[in-house]
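The values are calculated or read from the model by the stated rules, or taken from the named source; none is laboratory data. If you're wondering where the values come from, they're calculated on a predicted model, not measured in any experiment. Cβ: placed from backbone, ideal geometry, glycine included. Neighbour counts: every protein chain shown.
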Amino acid sequence: MFDGISVAASALLQPSALAFIILGSIIGLVAGVLPGLGNVQAMAMALPFTFGMDRVTAIYFLSAICASATYGGSVPAILINVPGTPASAATTIEGYPMAKRGEANRALAISATASLMGGLVGIGVLVVTLPFLKWAALLFGPPETFMLVLLGLVTIAYAIQGNIIRGLAISGIGILLSLIGYASVTGVYRFSLGSKNYLWDGIEQVAFLTGVFGLSEAIQLGMKGRVAAHAEVVTLGGFRGTLQGIVDTFRYPLTFIRSSVVGVVVGIAPGVGGSVSNVVAYAMTAQISKDPLIGKGSVEGLVAAESANNATYGGDAIPTLAFGIPGSVAMAVLLGGLNLHGVPVGPWLMREHMEIVWVVVFGLLAGTAVSCVGGLVLARWLARITLVPTDLLVPAIVVLILTGAYAIRQNFWDVVVAVLSGIFGYFLTRNGFSLLPLIIGFLLGAVAEQAFIQSLHISEGSLAIFFTHPVSLLLFLGVVATVLYSVFQRLVAKGVAQ
Amino acid sequence: MGATYTAGAVGNQAVFGADAGYDFAKFVILTSTYHNPYTIAVAPRTPYKSVADLKKAGKPIPFCNEGGSVSLSYIVVAAKEMGFPYRLIPGYPGAPAATAGMLRGDCEAVSYGLEFTNRYLKEGVRPIAVHAAERHELWPNVPTSKEQGYPLELMLDMVFYLPPGSSPELADLLRDALTKLYQNKEFLDAIRAAKFNPTFADTKQTQRFVSELTKLYSKYAAELREAEAKIK
């Protein structure tokens with residue numbers, strides 16, 4: 001193991017490797033900022049350019065791109081309510097209201113610091129579990145994944161304080177939308193309105209998310225006809241705002257640790273990644289937090305969302321490195337890069353190429369660090385976007401969203417989805433509905449369905465499978481505890497009111 | 001644009017007919033690679049040591065697989081020819097996930113290519129049959145299906161092909177390029193370093209593979225449709 005560390009570390013200190021890590025981080029950051037692009041697209045585009053590189057430099061380059069896009073995605077989420085990647089969906093809920101209050105600089109600094117710390121926790125867990133990696137990779141099967149998702153759904157239903165029915169109704173719509181198209185376990189097509197093309201693949205995630213959050217906000221901004229944050233209410237500008245954001249992150253150590261752990265656990269579960277950890281960790285915090293600003297620009301909520309999505313990389317890497325099971329689509333591209341450079345993936349990787357495992361670990365770490373430190377440095381200038389007048393900002397947001405929606409698959413119908421989602425999001429917000437349950441239902445619905453059906457296939461139809469697997473049982477107890485805690489909280493509140 | 005995953009494409013057409021939305025016979029075949037025999041492998045703590053043990057189990061053997069893949073097709077074909085009952089556990093996104101599922105206890109067996117399965121032997125995966133005419137050099141101690149009384153040859157051939165109507169000039173250009181690529185020492189060494197065996201077959205041989213695959217899928221179309229229906 002130590003030989004592997006020294007090989008990877010000495011390669012990291014080579015100027016060429018350092019240069020490509022910085023370049024990779026910039027590419028990832030830019031891809032994250034642009035809706036419709038993310039680390040998957042950036043890595044896929046960069047892959048052919050690694051042909052001439054030595055394999056260690058190439059893997060550092062790809063790992064850095066992989067790790068840096070998530071923070072990039074949070075920048076437009078905070079500044080213009082458009083999540084650059086699905087992993088920043090919950091970030092908009094707290095980040096954008098902060099920006100509207102004139103605290104964009106502070107929010108960006110919180111995002112960068114929480115992302116960096118979350119990334120460190122995720123990679124720390126990966127490093128600590130390296131000797132037990134195979135065991136950890138086998139921890140999450142279909143029943144465990146189903147219970148994890150159920151925990152997220154139940155948590156958010158109660159997190160919408162005082163309006164459970166509305167929360168459940170909206171998350172139900174999200175679940176129904178997620179079930180459109182091809183069911184990956186059964187191969188059945190449903191709710192596709194007879195379409196033999198577009199709806200077979202379901203509703204495109206990025207088009208839907210950018211529409212619901214970004215376009216609906218652009219409509220609101222356009223109607224109000226003012227800047228997102230008035231210059232006179234910019235409370236924390238310059239370096240002071242950045243510093244405040246850094247300090248803020250450390251004010252919520254429990255939130256940060258809990259969310260990072262959620263990020264890692266979600267990462268280990270196959271098929272679910274940063275988009276899920278971001279909302280699940282945020283939902284848990286929204287339920288537990290006593291902060292009256294939750295949902296309206298809470299620092300604690302932002303710390304939760306941002307630490308979780310970056311911690312997910314460490315979890316994603318566990319099945320990827322131990323078994324060759326890509327923990328996410330980005331990890332699948334990384335595996336492709338390893339194969340391209342003559343590195344055997346699967347269990348052989350850890351047996352015969354421990355130095356490559358450490359190159360991936362250091363590459364993810366370096367990519368996170370470079371992008372987040374870059375984010376901190378640039379925060380004060382990026383925050384000025386919120387001061388751009390509406391008549392310039394709204395058309396720019398609309399063009400960015402529609403171009404991003406089209407860029408994903410070069411399909412015009414994705415643009416239509418973004419527009420319809422924007423109108424739907426505007427309607428919901430205007431009528432006092434929270435967008436978070438809708439997004440959680442949309443992101444988790446199909447995952448839950450797949451894990452549930454697969455579990456029943458394994459158990460030949462017996463529900464006992466969810467209670468006989470230790471991790472699944474533990475998560476189920478978490479679901480029960482969440483429900484009981486919420487009921488107890490409400491009874492106490494009722495008693496106090498009377 | 002071209003593609004490689006022939007077994008899935010041919011099988012899809014055989015099972016769904018016109019609903020598949022394409023006619024594979026109209027695609028322009030180039031060359032092929034990764035000619036790998038399929039296998040049956042079982043979990044470490046299962047009692048099965050041969051195909052005969054699968055038949056004697058007295059219950060359907062649960063197989064982890066993607067659900068609608070080459071793996072599913074070859075499980076169905078092998079089960080029909082060998083006469084063992086099976087149960088499909090679908091939904092695993094690829095061979096590594098299905099193999100991990102088997103090691104976790106989700107199922108008792110998997111059916112994947114030999115080179116892939118070979119990666120997981122140290123984790124406890126136990127191969128019990130190779131669907132090939134002769135024993136493979138990587139597994140000299142694992143009997144073929146033929147030796148166990150069932151002359152099955154089920155291969156995973158990755159075929160390079162172009163869409164219908166592609167120009168003959170383009171096809172010839174790519175055939176030449178692929179032929180030269182598979183003679184390039186640096187390329188072949190890189191493939192070997194990634195623990196793959198760089199096999200190559202020219203257009204004529206590849207057309208023969210595709211033709212055999214089409215016949216195989218046509219023969220078992222009814223069984224494959226039944227298996228798909230059971231998953232739904």
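Residues in the range B:192-210 that are touching a strand residue (DSSP E or B) at 6+ places or on another chain (Cβ under 9 Å) and without any contact (Cβ under 8 Å) to a residue 24 or more places away in the chain: B:Arg208 alone. Within the range A:454-498, the residues that satisfy the criterion of being farther than 19 Å from A:Leu150 by Cβ and surrounded by 13 or more Cβ atoms within 10 Å (Cβ to Cβ) are A:Gln489, A:Arg490. Exactly one residue out of B:Ala190, B:Ala133, B:Ala194 is among the aliphatic types (A, V, I, L, M) and either at pLDDT 90 or above or surrounded by fewer than 16 Cβ atoms within 10 Å (Cβ to Cβ) (or both), and it is B:Ala133.
Would you confirm whether any residue within the range B:144-153 is away from chain A (no Cβ under 14 Å), closer than 28 Å to A:Leu321 by Cα and either within 18 Å of the chain's Cα centre (by Cα) or exposed (fewer than 14 other Cβ atoms within 10 Å of the Cβ) (or both)?
Looking only at the range B:144-153, we keep the residues that are away from chain A (no Cβ under 14 Å), and these are B:144-153.
This time we only want the ones that are closer than 28 Å to A:Leu321 by Cα, so: none.
Checking the range B:144-153: not a single residue is away from chain A (no Cβ under 14 Å), closer than 28 Å to A:Leu321 by Cα and either within 18 Å of the chain's Cα centre (by Cα) or exposed (fewer than 14 other Cβ atoms within 10 Å of the Cβ) (or both).
When B:Glu81, B:Glu66 are checked against the criterion of being within 30 Å of B:Thr199 (Cβ to Cβ), surrounded by 19 or more Cβ atoms within 10 Å (Cβ to Cβ) and of a type in the set (D, E, K, R), B:Glu66 stands alone in meeting it. When B:Pro96 is tested against (1) within 14 Å of chain A (Cβ to nearest Cβ); (2) in contact with a helix residue (DSSP H, G or I) (Cβ under 7 Å, 6 or more places away or on another chain); (3) in contact (Cβ under 8 Å) with a residue 24 or more places away in the chain; (4) part of a helix (DSSP H, G or I), just one condition goes unmet, and that condition is (3). The single condition among (1) modelled with pLDDT of 90 or more; (2) surrounded by 22 or more Cβ atoms within 10 Å (Cβ to Cβ); (3) assigned by TED's automatic domain parsing to the domain that holds B:Ala193 that B:Gly11 does not satisfy is (1). A count restricted to the range B:50-61 and to residues that are surrounded by fewer than 21 Cβ atoms within 10 Å (Cβ to Cβ) and either acidic (Asp, Glu) or within 14 Å of chain A (Cβ to nearest Cβ) (or both) stands at 3.
A Cβ distance below 7 Å, combined with a sequence gap of six or more or placement on separate chains, defines the contacts here; from the range B:211-232, residues that are within 15 Å of B:Val10 (Cα to Cα) reach residues that are surrounded by fewer than 19 Cβ atoms within 10 Å (Cβ to Cβ) and among the basic types (Lys, Arg) in the pairs B:Tyr220/B:Lys80.
B:Ala221 satisfies every condition listed in (1) surrounded by 15 or more Cβ atoms within 10 Å (Cβ to Cβ); (2) of a type in the set (Gly, Ala, Ser); (3) within 12 Å of chain A (Cβ to nearest Cβ); (4) out of contact with any strand residue (DSSP E or B) (no Cβ under 9 Å at 6 or more places or on another chain) except (3). A residue that is assigned to a helix (DSSP H, G or I), more than 22 Å from the chain's Cα centre (by Cα) and surrounded by 24 or more Cβ atoms within 10 Å (Cβ to Cβ) occurs nowhere in the range A:297-313.
Buried (at least 21 other Cβ atoms within 10 Å of the Cβ), within 14 Å of another protein chain (Cβ to nearest Cβ) and in a loop (DSSP other than H, G, I, E, B), is that true of A:Ile325? Steps first, please.
Working: buried (at least 21 other Cβ atoms within 10 Å of the Cβ): yes; within 14 Å of another protein chain (Cβ to nearest Cβ): yes; in a loop (DSSP other than H, G, I, E, B): yes.
For A:Ile325, the condition - buried (at least 21 other Cβ atoms within 10 Å of the Cβ), within 14 Å of another protein chain (Cβ to nearest Cβ) and in a loop (DSSP other than H, G, I, E, B) - is met.
Restricting to the range A:341-354, count the residues that are touching a residue at least 60 places away in the same chain (Cβ under 8 Å), within 14 Å of chain B (Cβ to nearest Cβ) and part of a helix (DSSP H, G or I). Within the range A:341-354, residues that are touching a residue at least 60 places away in the same chain (Cβ under 8 Å), within 14 Å of chain B (Cβ to nearest Cβ) and part of a helix (DSSP H, G or I) number 2. Per the listing B:Glu81, B:Glu108, the residue uniquely in contact (Cβ under 8 Å) with a residue 24 or more places away in the chain and within 14 Å of B:Glu223 (Cα to Cα) is B:Glu81.
Scanning the range B:135-153 for residues that are assigned to a loop (DSSP other than H, G, I, E, B), touching a Lys or Arg at 6+ places or on another chain (Cβ under 9 Å) and not aliphatic (A, V, I, L, M) returns B:Asn141, B:Pro143, B:Glu147, B:Glu153. Of all residues in the range A:430-482, those satisfying the criterion of being closer than 15 Å to A:Val276 by Cβ and more than 19 Å from the chain's Cα centre (by Cα) are A:Glu449, A:Gln450, A:Ala451, A:Leu475.
Just one of (1) under 20 Å from B:Thr33 (Cβ atoms); (2) more than 14 Å from every other protein chain (Cβ to nearest Cβ); (3) in a helix (DSSP H, G or I); (4) modelled with pLDDT under 95 fails for B:Leu156. It is (3). Considering every residue within the range A:431-438, establish whether at least one is out of contact with any helix residue (DSSP H, G or I) (no Cβ under 7 Å at 6 or more places or on another chain) and at pLDDT 85 or above. Looking through the range A:431-438, at least one residue is out of contact with any helix residue (DSSP H, G or I) (no Cβ under 7 Å at 6 or more places or on another chain) and at pLDDT 85 or above.
For first residues located in the range B:118-136 and closer than 21 Å to B:Pro151 by Cα, partners that are of a type in the set (A, V, I, L, M) and in a helix (DSSP H, G or I) and lie 6+ apart or on another chain with Cβ distances below 7 Å form the pairs B:Ile128/B:Val51; B:Ala129/B:Val51; B:Val130/B:Leu114; B:His131/B:Ala78; B:His136/B:Leu114. The lone criterion from (1) farther than 30 Å from A:Arg166 by Cβ; (2) in contact with a Lys or Arg (Cβ under 8 Å, 6 or more places away or on another chain); (3) of a type in the set (Val, Ile, Thr) left unmet by A:Val377 is number (2). Condition check for A:Glu460 on (1) in a helix (DSSP H, G or I); (2) over 24 Å from A:Ile288 (Cβ atoms): one failure, at (1).
Against the test of being under 22 Å from B:Ile61 (Cα atoms) and at pLDDT 95 or above, the options A:Ala464, A:Ala451 yield a single qualifying residue, A:Ala464. Residues that are β-branched (Val, Ile, Thr), touching a Phe, Trp or Tyr at 6+ places or on another chain (Cβ under 6 Å) and modelled with pLDDT of 85 or more within the range A:5-49 comprise just one, A:Ile21.
Look at the range B:118-130 and say how many of its residues are modelled with pLDDT under 95 and either in contact with a His (Cβ under 6 Å, 6 or more places away or on another chain) or not aliphatic (A, V, I, L, M) (or both). Result for the range B:118-130: 6.
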